[in-house]
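These notes concern the structure reproduced below.
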């Protein structure tokens, strides 16, 4: 996730994600897994490891991926 204000590795985070054009965000919990500073090349940001996902999150993601047309990266 791009950010100019990175957190420390191991920091707990709570996020709200809009997935697949849905109207309501999904609340997820995670922790910072890695940090990239601007001096390291690329966009400054953090990587998140999800630690607590809603029970239906995987099912919803599978549905969205099935409905998504395959692009050049597929």
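Readers should treat all values here as calculations from the given coordinates under stated rules, not as data from a laboratory. Predicted, not measured: the structure shown is a model, and the values here were computed from it. Positions of Cβ are generated from backbone atoms using ideal geometry, with glycine treated the same way; all protein chains shown enter the neighbour counts.
Each label point was placed 7 Å from the Cα along the Cα-to-Cβ direction; for residue 58 and residue 1 their separation is 2.2 nm.
The GNM of the chain, with springs linking C-alpha atoms under 10 angstrom apart, assigns the highest mean-square fluctuation among 54, 38, 25 to 38. Taking Cα atoms only, the orientation of helix 57-67 departs from the longest principal axis of the chain by about 70 degrees.
Estimated from the Cβ-Cβ distance and a Förster radius of 30 angstrom, the FRET efficiency linking residue 40 and residue 11 is about 0.95. Pairs of Cα atoms nearer than 8 Å and 6+ residues apart set the relative contact order; for segment 12-67 it is 28 percent.
Shape of segment 12-67 from its Cα gyration tensor (a ≥ b ≥ c, root eigenvalues): rounded if a/c is under 1.5, otherwise prolate when a/b > b/c, or oblate?
Prolate, because a/c is 1.5 or more and a/b exceeds b/c.
Calculate the FRET efficiency for residue 19 and residue 49 from the Cβ-Cβ distance with a Förster distance of 22 Å, rounded to the nearest 0.05. Could the numbers behind the result be given before it?
Numbers: r = 18 Å, r/R0 = 0.80.
Given R0 = 22 Å and the Cβ-Cβ separation, E is 0.80.
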